[in-house]
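Down below is the structure, laid out as structure tokens.
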Amino acid sequence: MNICIVGAGATGLVAANELVKKGHKVTIFEAEESHGGLAKTMTIGNEKLEVYYHHIFTGDTEIIKLIDELGLSSELMWLESKNSLYINQKLYPFTSPVDLLLFKELSFVERIKMGMLVFKAKFIKHWKNLENITSKDWIIKNAGNNVYEKVWGPLLNSKFDCDSDKISGTWIWNKFKLRGSTRGKNINKELLGYMKGSFGILYDKLVEKIKEGGGKIYYSSAVDRIQPQEDKTLNVYSNGKSCNFDRVIVTTAPGILNKMDVPLTKEYREKLSKTKYKANICMILELDGKLSDYYWVAIARKDFPFVLLIEHTNLVKDAGYGSHIVYLSRYLDQKNKMYSMSDEEIQREFIKYLKIMFPNFDKSSIKRVHINRADYAQPVVVQQYSKILPEMKTPVENLFLASMAQIYPEDRGQNYAVRLGIQVADMVG
Ligand SMILES: Cc1cc2nc3c(=O)[nH]c(=O)nc-3n(C[C@H](O)[C@H](O)[C@H](O)COP(=O)(O)OP(=O)(O)OC[C@H]3O[C@@H](n4cnc5c(N)ncnc54)[C@H](O)[C@@H]3O)c2cc1C
């Protein structure tokens with residue numbers, strides 16, 4: 001078959017690779033100038049680096065299998081991560097159960113309750129029940145109001161902005177489950193996976209395989225129209241030109257498909273419009289030296305403009321960036337006024353608060369700053385999410401949707417993008 005894939009992110013590339021392996025003719029249209037989507041990279045010093053911070057967990061079996069299949073296993077490193085929670089002007093270690101026991105911001109009983117909740121998450125199999133409760137209410141019910149107000153409330157707020165009170169219990173359950181499971185033999189140590197030379201090498205390899213198999217990729221080629229023909233084939237329009245295909249897989253956010261000129265039903269469009277996303281602003285600082293010894297710092301403060309501080313080079317040491325790499329990340333509504341602030345304003349605001357966190361931080365240690373924005377960064381997983389999810393098979397015959405928002409009850413991530421890519425390829429051909 002002659003198959004078109006819209007989007008050269010992880011899902012699109014994995015689906016293309018699977019279809020090429022089966023002998024199909026594959027063409028990918030990608031809106032941007034390069035592939036990788038949210039996992040795309042840029043060059044810093046002599047090295048590639050993700051524009052948005054990325055790592056994988058030990059339980060991410062689908063992506064580990066793919067890395068192996070592509071002969072890249074020797075490039076996958078398992079590194080010890082040190083995590084922290086920033087609360088009340090202090091950085092608390094937050095990697096192990098012992099760290100939680102020593103966490104003075106909560107009473108002893110609250111610490112035990114919070115620990116039990118995270119522990120219990122691993123054993124919950126009937127996640128559907130959690131669709132009926134918000135993350136907020138689930139935490140308050142199990143660990144108390146103070147645990148929510150001090151720790152999880154601010155974190156949920158900075159991830160979901162104005163929608164934080166609506167987030168389903170399934171979302172936070174998943175986070176507890178995932179984070180608790182990425183450990184080696186020692187439960188006090190968290191191990192995270194990263195590839196030598198960035199995850200970009202995985203996506204470059206997929207592109208190489210797709211091309212070897214006769215597939216084509218067109219960059220700077222946003223698709224804006226998909227029209228079914230009498231013979232059930234589909235015409236795909238990009239840059240004013242059209243090509244004809246037997247099947248089309250769209251891997252963009254549902255909201256992007258909804259904006260395309262496609263004869264979808266009213267019911268399906270309603271589902272597409274209900275699947276909302278948060279945007280992300282991510283600032284990369286190239287610094288002279290480190291800020292702390294932590295890799296991952298979650299900021300439990302509602303007044304802060306960023307929610308995460310990630311000192312990448314505290315995890316990935318000895319890479320060739322020539323600088324210490326720090327990401328500052330903020331999720332927010334596209335309508336939030338911060339999203340339309342200029343890069344200079346964002347930089348000023350973020351650095352002002354960085355100085356509050358680290359009073360000794362000297363601006364002269366900044367070598368370079370890079371600011372990126374992603375319109376569709378995090379699906380908003382509300383209560384009863386399974387009921388609003390658009391089906392992969394759209395009402396237009398031979399047109400399929402495989403988007404990050406359909407990953408459920410798990411949350412987005414490269415591992416699930418790989419799973420989704422394989423799943424949609426199986427469905428199509
Ligand atoms: C800040 C941030 C941090 C993250 N951290 C991690 C992490 O630590 N670990 C992890 O595993 N995952 C992480 N992720 C998630 C991971 O990046 C995604 O799950 C994965 O990359 C999604 O791939 P995708 O192909 O489904 O979607 P996308 O990457 O969004 O790909 C969709 C592609 O479609 C293209 N496109 C859009 N519109 C059109 C159009 N009209 N025509 C043609 N092409 C179009 C886009 O340009 C894009 O390339 C993170 C994401 C973000 C935003």
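Quick notes
- Remark: region 96-188 carries 49 Å² of accessible area per residue (probe radius 1.4 Å; ligands, DNA and RNA excluded).
- Derived scalar couplings between HN and Hα for region 215-227 equal x, 10, 10, 10, 8, 6, 10, 5, 8, 10, 8, 9, 10 Hz in order, rounded to whole Hz, by the Karplus curve 6.51 cos²θ - 1.76 cosθ + 1.60 (θ = phi - 60°), x for Gly and Pro.
- Hz values of 3J(HN,Hα) by residue in region 388-399 - Karplus curve (6.51, -1.76, 1.60), Gly and Pro given as x: 9, 5, x, 5, 5, 8, 7, x, 8, 4, 6, 10
- Summarising the strand pairing of the chain, around 75 percent of its internal DSSP beta bridges are antiparallel.
- Overall, the accessible surface of region 191-234 at a probe of 1.4 angstrom is composed of carbon and sulfur to the extent of 45 percent.
- For E190, the residues whose modelled amide H falls within less than 5 Å of its own, excluding neighbours fewer than 5 places apart on the same chain, are S81.
- The calculated 222 nm mean residue ellipticity attributable to helices in the chain amounts to -9000 deg cm²/dmol, summing -39500 (n - 2.57) over DSSP H runs of n ≥ 4 and dividing by all residues.
- Full-extension gain in nm, N360 to K387, via 0.36 nm per residue minus C-alpha separation: 4.7 nm
- The packing ranking, built from the mean of other Cβ atoms within 10 Å per residue, places the peptides 189-201, 263-275, 41-53 in the order 189-201, 41-53, 263-275, highest first.
- Cα centre as origin, Lys/Arg/Asp/Glu Cβ charges: the chain dipole, Debye: 1040 debye
- For region 275-290, backbone phi angles converted through the Karplus equation (6.51, -1.76, 1.60; θ = phi - 60°) give residue-by-residue couplings of 7, 8, 10, 9, 8, 9, 10, 10, 10, 9, 10, 9, 10, 6, x, 7 Hz, Gly and Pro being listed as x.
- Base-10 log of normalised Debye intensity for the chain (one unit scatterer per alpha-carbon) at q = 0.06, 0.07, 0.10 Å⁻¹: -0.25, -0.35, -0.72
The values are calculated or read from the model by the stated rules, or taken from the named source; none is laboratory data. These figures come from a predicted structure and were not determined experimentally. Cβ: placed from backbone, ideal geometry, glycine included. Neighbour counts: every protein chain shown. Quick note on the areas: whole protein, heavy atoms, side chains included, nothing else; ligands and nucleic acids left out. Shrake-Rupley method; radii C 1.70, N 1.55, O 1.52, S 1.80 Å.
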